[in-house]
Amino acid sequence: MIATWKKLPSAERRFAALMGIAIVAGVVLRCIGLPGTGTFADLILINSWGRVVHLYGWTDSYRHAIDGFAPTNYPPLNTAIFGAMTKMHDVMFGVTSLSSASLNTVMKIPAILADIWISICAFAFLRRFVSLRKAVIAGAVVWLYPSYWLLSSYWGQTDSIFSSLSFGSLAACLLGLPFFSGFLLSLSLLTKVQGIIIAPVIIVLLMRNGKDVVRATLGALIPCVIILTPFFLTDRLSDVMQIYTDIPGIPPVLSLHTYNMWWAFFALPSAFIVDTNLIAQTVSFRVAGYLLTSACYTALLFRMYMALRHTADKRRTVEVSLAVAALCSLAFFLFMTRMHQRYFFSFVPCVLVLWFLRAEGHRHVLVLLSTFCVNLLAMMMFYPAADGFYGFFGFVLAWINIIVTADLAQVWWHTILRPLPLDERHAVSHDSHQSR
């Protein structure tokens, strides 16, 4: 191995050393925060849900709680993960308190594994279209992106799990693997409701081929049947359905300290205004959020259809799909009420992969990725001791998010998402045929 290393050109050795340092740095950054209890006692709450699954059984976990905590409000696959990790911890370390360092460490493992999965997906996916060096750099960038290791290792949340599965589903769909795309999308939705964020993009892509729809449906049914059957047999399926219809335990407010449109309009009070209140005695804030988000999704998906209907070029399909998925994620983040900062995660892998494929919008993306990190850090550092400065600071960042997103959308609308003129359609189709 040493002899092989010495035979490599100096430039290749430097590159390999830098990537090795990046991997080690990502591991170290995550390990430092593993034993901690996280932010806002979220991790202790998750630990209690795992303990409930261990004590009362998986199917009864939605009807029980311990130590004064609320019952679980996550879909069944996530609760199964919590229960399995609690069982593994108790076998290794014995039963401990909900805030013990050993339990905290074990419960954070699935989210960190999801971070690894996203990095591998980004690398493997990009390797089909760019050089090995670029693909490796992309995987390292995803691995080192601060919001991933801050959320998984320090905050103690699990959003990287659902976002890794939904991105994996989109990647599988774009690589011509509809069965696995449906399988992963189903797992994402069974992990967290927010798996729906980029699901419409995947569905539109699959609908271009009837056989792909059948294969994806079969793939999606397998985890649904396996996971939901125990709840059906024990008459607990209604408990699971409640999670998807109206998530219990989520405050019905405009913005959960998320720098989106509602924070831009109302600043700090948006964290206290009930989203079922009416706007000028017409529709509620919640319905307005649904309508705005639906309008954006409709326009983007139609634009995607128009951009792809006359091309068989795989790279163009990938670029258009990733751009639409990223913009849909932004629309969901900016307009929906009861929004957490963490739901921005669907945007991150799509846009980081697209970064290495197209040059348009790089500055916009860099700003949005930065404001997302700042939003997470501000929430972790200052909540609940929020004051006027905190509200104004978020107000400024919220308007930056809106303005930059609007400009990014128009840039991509006229470049990546532009329908091909007639002469370019023939050229792209010919090049695609030649490559095959």
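The table below gives the values:
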read-out	value
Residue match in segment 215-231 (condition: in contact with a helix residue (DSSP H, G or I) (Cβ under 8 Å, 6 or more places away or on another chain), part of a loop (DSSP other than H, G, I, E, B), in contact (Cβ under 8 Å) with a residue 24 or more places away in the chain and basic (Lys, Arg))	no
Some residue of segment 137-145 being without any contact (Cβ under 8 Å) to a residue 40 or more places away in the chain and closer than 20 Å to Leu187 by Cα	no
Candidates Gly57, Gly36, filtered to the one that is surrounded by fewer than 19 Cβ atoms within 10 Å (Cβ to Cβ) and touching a Gly at 6+ places or on another chain (Cβ under 8 Å)	Gly36
Subset of segment 218-227 (residues that are more than 10 Å from Phe180 (Cα to Cα) and surrounded by fewer than 17 Cβ atoms within 10 Å (Cβ to Cβ))	Leu221, Ile222, Cys224, Val225, Ile226
Single residue of segment 210-241 satisfying the filter (of a type outside the set (Lys, Arg) and in contact with a Lys or Arg (Cβ under 9 Å, 6 or more places away or on another chain)) that is nearest to Leu301 (Cα to Cα)	Asp239
Segment 277-288, residues that are of a type outside the set (Gly, Ala, Ser) and either loosely packed, with under 13 Cβ neighbours inside 10 Å or assigned to a helix (DSSP H, G or I) (or both)	Asn277, Leu278, Ile279, Gln281, Thr282, Phe285, Arg286, Val287
Within segment 101-195, helices (runs of 4 or more DSSP H) holding 2 or more residues that are touching a helix residue (DSSP H, G or I) at 6+ places or on another chain (Cβ under 8 Å) and over 25 Å from Phe332 (Cβ atoms)	101-126, 132-144
Considering residues of segment 304-323 that are aliphatic (A, V, I, L, M) and assigned to a helix (DSSP H, G or I) only, the residue surrounded by the fewest Cβ atoms within 10 Å (Cβ to Cβ)	Met306
Residues of segment 54-90 classified as assigned to a loop (DSSP other than H, G, I, E, B) and under 22 Å from the mean Cα position of the chain (by Cα), total	4
Helices (runs of 4 or more DSSP H) (entirely within segment 341-418) containing at least 1 residues that are among the acidic types (Asp, Glu) and loosely packed, with under 15 Cβ neighbours inside 10 Å	388-413
Test: residue in segment 218-231 that is within 18 Å of Tyr343 (Cα to Cα) and touching a Gly at 6+ places or on another chain (Cβ under 8 Å)	no
Matching option when the condition is without any contact (Cβ under 8 Å) to a residue 24 or more places away in the chain, of a type in the set (A, V, I, L, M), more than 21 Å from Gly139 (Cα to Cα) and in a helix (DSSP H, G or I), among Leu334, Leu301, Leu291, Leu327	Leu291
Residue in segment 396-414 that is among the charged types (D, E, K, R), at pLDDT below 95, over 22 Å from Ser152 (Cα atoms) and touching a helix residue (DSSP H, G or I) at 6+ places or on another chain (Cβ under 8 Å) present	no
Single condition Tyr259 does not satisfy, out of (1) crowded, with 18+ Cβ neighbours inside 10 Å; (2) out of contact with any Leu (no Cβ under 7 Å at 6 or more places or on another chain); (3) modelled with pLDDT under 95	(2)
All positions within segment 184-201 that are without any contact (Cβ under 8 Å) to a residue 60 or more places away in the chain and buried (at least 23 other Cβ atoms within 10 Å of the Cβ)	Leu184, Leu185, Ser186, Ser188, Gly195
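The values are calculated or read from the model by the stated rules, or taken from the named source; none is laboratory data. This is a predicted model, so every value here is computed, not measured. Methodologically, a virtual Cβ is constructed for each residue, glycine included, from the backbone with ideal geometry; neighbour enumeration extends over all protein chains shown.
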